[in-house]
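To start, the structure itself, in structure tokens.
Read the figures in this text as sums done on the coordinates, not as results from a lab. The model shown is predicted, which means the values in this text are computed figures rather than measured ones. Neighbour counts are summed over all protein chains in view; Cβ atoms, including those assigned to glycine, are modelled from backbone coordinates with ideal geometry.
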């Protein structure tokens, strides 16, 4: 197990948009959360905060450029479903949606209102 790098006092405002590569497929979310658990002993998936960059700029960067589709959701929407948003890693835009109960929280996440867009910069 590795220690997660948490950034203290890095809280997002409710209307801040978050981007995740791909669509919110429950099987992929479960697998990604399980891989995270295997490393950090807690469940979570990665998202990136759209602050300081436009969606177009973010879509051109790794890892988002690897995805044909991207999902956009707000921090407020996640909080409304009881999901934790943790600032993690060195990248100031990287956050982890933390899950307390894998099945319940995957269901909550896929229930959230969101927008799915095509990434024109996908490196396909």
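Our estimate of slack between residue 81 and residue 61, defined as 0.36 nm per intervening residue step minus the Cα-Cα distance, is 4.3 nm. When a/c is below 1.5 the answer is rounded, else prolate if a/b is larger than b/c, else oblate, so apply that to segment 59-117 with a ≥ b ≥ c taken from the square roots of the Cα gyration tensor eigenvalues. Cα axes put segment 59-117 in the oblate bin. Answer rounded, prolate or oblate for segment 1-50, using the Cα gyration tensor with square roots of eigenvalues a ≥ b ≥ c: rounded when a/c is under 1.5, else prolate when a/b is larger than b/c, else oblate. It is oblate, given that a/c is not under 1.5 and a/b is not larger than b/c. Counting neighbouring Cβ atoms within 10 Å and putting the fewest first, the residues 70, 1 line up as 1, 70. Normalised by the number of residues in the chain, the mean separation of alpha-carbon contacts (under 8 Å, six or more apart) gives a relative contact order of 35 percent. Panel order for 106, 97, by other beta carbons found within 10 Å of each beta carbon, from fewest to most: 106, 97.
Among 15, 25, sorting on how many other beta-carbon atoms sit within 10 Å of each Cβ, with the fewest leading, yields 15, 25. Paramagnetic label reach from residue 35 (point 7 Å along Cα→Cβ; backbone nitrogen cut-off under 17 Å): within segment 99-114, residues 99.
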